[in-house]
Every structure is written in structure tokens, then in C-alpha cells.
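For reference, the structure discussed in these notes is given below.
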Amino acid sequence: MTDAPILTGTSLTGGCQCGAVRFRVEGQPGRASICWCRMCQKAFAGPFGALVTVKVEGLTWTRGQRSTFQSSDAVKRGFCAACGTPLSFEWSADKIDLATFAFDDPSKVEPGVQLAVESRPAWTEHLADLPVRPPAGGPAVAVVSRQHPDHETP
Ligand SMILES: [Zn+2]
Ligand SMILES: [Zn+2]
């Protein structure tokens, strides 16, 4: 374990669903995007990958280590080997993209651009028009979550 960098202003934390891999980002994140390409759809198993670019020097893996899959000759994708959460898109020596929804507060990272819209499913253009199921009145069955909470833990 190396010394943590001194906090200067913005600090954002996040990690995988099980909490085995956690990270902290110092400094203002760069461009946030959603990418509809087939590789992001596969890697996230969702309609798009949501990613935000940060400087490698500002990123600390504070718990555990990600595993990686070399998804192309240019890019490694990081994920938690224990729970499978996608975590990173690694394409540069000094910059790295992190999965936006792995952050503890994803609302702080708003995408500013869409990429690879040629593989965006047509139905996503009408997503907001889909009927909404009302929230359940109360838990019918008590569920014990094993998801790591959206904050740092000892
Ligand atoms: Zn995990
Ligand atoms: Zn992509």
C-alpha cells in the first residue's frame, strides 16, 4: 500500500458491486460519454457503456486490483474478477476511462456526448415514453443485499 495522495478539491470514489475493488479519483474528471458500440454493449452487457476520462496520475485503486481483458490491440477493459462489474477502459498511458455507474454518485458525472450511434437500438429513442411500473408499496419479501454501499468502508 502506497501513501494516498493529498486531497485537493474534487475527489470521487467508486468501485465494483461486491466491494473487492475500489478506486478514488482526484481532480476534475474529463469528458464523459455514452458509447453504443458493440464492444461496449458486450463489455457492459447493456445498451451502452457509460465512461468518463480521468488522468491516470489522479487515480488510486484503493482496494483490490481489477482484472483486465484485452478487448482489442488498443484497449484493455478492467473488471472485478469476483463480481464481474465493468470498471475501466484503458487506452492511454496517461489517461483512463472509468465506468460512470461504478462511481458512488454517478449523478456527478453527466455524459456530454454519444459515440457510435450506428449501433444504438432504435427503441432507445423512445425510452422515456415506455410505461412506468409504479414503485412497490413495501417489501413483500425481505431481501438482504450483499452490494457494497455507495461510500468508503473500513
Ligand atoms: Zn467486485
Ligand atoms: Zn464503445
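The values are calculated or read from the model by the stated rules, or taken from the named source; none is laboratory data. Fair warning: this is a prediction, and the values are worked out from it, not measured in the lab. Methodologically, a virtual Cβ is constructed for each residue, glycine included, from the backbone with ideal geometry; neighbour enumeration extends over all protein chains shown.
Tabulated data
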| read-out | value |
| --- | --- |
| One residue from 98, 59, 87 being more than 16 Å from ligand 1 (Cβ to nearest atom) and either at pLDDT 95 or above or of a type in the set (A, V, I, L, M) (or both) | 59 |
| Any hit, the stretch 81-104, residues being free of Cβ contacts under 8 Å to residues at least 24 places away in the same chain, crowded, with 17+ Cβ neighbours inside 10 Å and within 16 Å of ligand 2 (Cβ to nearest atom) | yes |
| Sole residue being within 16 Å of ligand 1 (Cβ to nearest atom), at pLDDT 95 or above and among the basic types (Lys, Arg), chosen from 38, 22 | 22 |
| Residue within the stretch 120-133 that is over 16 Å from residue 20 (Cβ atoms) and surrounded by 14 or more Cβ atoms within 10 Å (Cβ to Cβ) present | yes |
| For residue 45: the one exception among (1) modelled with pLDDT of 95 or more; (2) under 23 Å from residue 110 (Cα atoms); (3) in contact with a strand residue (DSSP E or B) (Cβ under 7 Å, 6 or more places away or on another chain) | (3) |
| Top-ranked residue of the stretch 10-32 - restricted to ones that are buried (at least 21 other Cβ atoms within 10 Å of the Cβ) and small (Gly, Ala, Ser), ranked as farthest from ligand 2 (Cβ to nearest atom) | 15 |
